[in-house]
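K.L.:
I have a structure I would like to understand better, so I am pasting it below and will then ask my questions one at a time.
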Amino acid sequence: MVSDHHHTLYKGEFKSTAGGHFSQARAGHSSLAPKGWYPKVRIGKKRERVPVLVALGVRANGYRVLLDMCIAGDESCASWNELIERLQKRHMKAPILAIIDGNPGLESALGKAWPRIDIQRCTAHKLRNLQAKAPARLREELAEDYRRMMYAENQQAVEQHRQRFTKKWKLACPAVIASFNEAGDQLFTFLKYPPSQWKAIRTTNVLERINEEFRRRTKTQSTLPNADAVLLLMFGLLSSGQISFRNKMEGAQDFAKLAFTSREKAVGVPA
C-alpha cells in the first residue's frame, strides 16, 4: 500500500516534474512512443482499470525520457489531443517518428498536430491481432512466417517475404490478410530508417515492459485511495528508478545525423 508519506512525496515531485523534467520536451525529440495503459488496481473495495496515457520520447542523442503521463477517460482523439497540446505548449518540436499500437484516436491526434510525422505501427501488436484471426492450428506457422518477414536482414529481403506472406495467407486465411492490410505500409515504416535502429523502432516493447513491471508490483497492493494515486505511484516508481526503461535506444549512433537531416527537410512544419 502507498503510505501517506510516499503519496505526498510523489505528489510534490510530480508537480515539480510537470514543470521541470517534463518540460524537457523543449529540447526536441526525434521519436515519440505514446501509449495507453490500463493498470488494474484496488480502489476502495473494487479492483478497477484506470486509463493512463503515457508519452515516451527519444532525443536526437538516442536517450529516452518520460515526457508526460495523465489520467484519461479513454483513448479518444480528444484525450490524446490534450496530451499532445501540453507537449506543444512546452515548445516540443515536431518528432520525426511516432511508434503506436494502432489506436485510431492517437493516430488522428498525431496527424492533426504534426502532419508530416512518420507512423510506425507496433509489429508485436499486429502479430497478436493476426493470430486472433487465424485458426489455432495455424497460429504457430503464421507467427513463424510473420517474424521471418519482419526480422529479415535487409529491405529487399523484407519486401520479398512480405509478398510471399500476403500470397500464402490470402489463400490460407483471408481474415489474416484483411487485418494485415489494415496497417499497410505503416508496419514497414522502420525500413526508411538505418538498420541499426530497426529493433528499437519496430515495437512499443519498452513501454510494454514498464507496464508489465507496474502490474507485477501492484498485483499484491492492498488499496489505493483513488485513481490519481495510480498516476502518482507509477510516476514514483519510474522517477525513483524502481521501474526503468533502457535509457539509450539501439542505433543511437545514427540518430543524431538522422534527426538533423529530417529537421532540415521539415522546415516550416508547425511544432
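K.L.:
Looking only at region 175-183, decide whether some residue is in contact with a Lys or Arg (Cβ under 7 Å, 6 or more places away or on another chain), surrounded by fewer than 14 Cβ atoms within 10 Å (Cβ to Cβ) and assigned to a helix (DSSP H, G or I). Outline the logic, then answer.
P.N.:
As a first pass, look at region 175-183 and keep what is in contact with a Lys or Arg (Cβ under 7 Å, 6 or more places away or on another chain): 175-177, 179, 183.
Okay, now just the ones that are also surrounded by fewer than 14 Cβ atoms within 10 Å (Cβ to Cβ), so 175.
Imposing the further condition that a residue be assigned to a helix (DSSP H, G or I) reduces the set to 175.
Among the residues of region 175-183, at least one is in contact with a Lys or Arg (Cβ under 7 Å, 6 or more places away or on another chain), surrounded by fewer than 14 Cβ atoms within 10 Å (Cβ to Cβ) and assigned to a helix (DSSP H, G or I), which makes the answer yes.
K.L.:
Output the residue which, of all residues in region 184-210 that are of a type in the set (Lys, Arg) and under 16 Å from the mean Cα position of the chain (by Cα), is surrounded by the most Cβ atoms within 10 Å (Cβ to Cβ). Let's see the steps before the verdict.
P.N.:
In the first step, residues of region 184-210 are kept if they are of a type in the set (Lys, Arg); the result is 192, 199, 202, 209.
In the following step, the residues that additionally are under 16 Å from the mean Cα position of the chain (by Cα) were identified as 199, 202, 209.
Details: LYS199: 14, ARG202: 21, ARG209: 14.
Selected residue: ARG202.
K.L.:
Next up: If a residue has to be in a helix (DSSP H, G or I), among the charged types (D, E, K, R) and either surrounded by 15 or more Cβ atoms within 10 Å (Cβ to Cβ) or touching a residue at least 40 places away in the same chain (Cβ under 8 Å) (or both) to count, how many in region 100-153 make the cut? Walk me through how you get there before you give the answer.
P.N.:
So in region 100-153, the residues in a helix (DSSP H, G or I) come out as 104-113, 123-133, 136-150.
Within this subset, residues satisfying the condition of being among the charged types (D, E, K, R) are 107, 112, 126, 128, 133, 137, 139-141, 144-145, 147-148.
Keeping just the survivors that are either surrounded by 15 or more Cβ atoms within 10 Å (Cβ to Cβ) or touching a residue at least 40 places away in the same chain (Cβ under 8 Å) (or both) gives 107, 126, 133, 139, 145.
Summing the residues that are in a helix (DSSP H, G or I), among the charged types (D, E, K, R) and either surrounded by 15 or more Cβ atoms within 10 Å (Cβ to Cβ) or touching a residue at least 40 places away in the same chain (Cβ under 8 Å) (or both) in region 100-153 gives 5.
K.L.:
Condition (residue is of a type in the set (Gly, Ala, Ser) and either within 20 Å of the chain's Cα centre (by Cα) or modelled with pLDDT under 55 (or both)) applied to region 91-101: is it met by at least one residue? Show your work before the answer.
P.N.:
Of the residues in region 91-101, the ones of a type in the set (Gly, Ala, Ser) are 94, 98.
Next cut, either within 20 Å of the chain's Cα centre (by Cα) or modelled with pLDDT under 55 (or both) only: 94, 98.
Among the residues of region 91-101, at least one is of a type in the set (Gly, Ala, Ser) and either within 20 Å of the chain's Cα centre (by Cα) or modelled with pLDDT under 55 (or both), which makes the answer yes.
The values are calculated or read from the model by the stated rules, or taken from the named source; none is laboratory data. Computed from a prediction, not measured in an experiment: that's the story for all the values here. Note: ideal-geometry Cβ built from the backbone for every residue, glycine included; neighbour counts use all protein chains shown.
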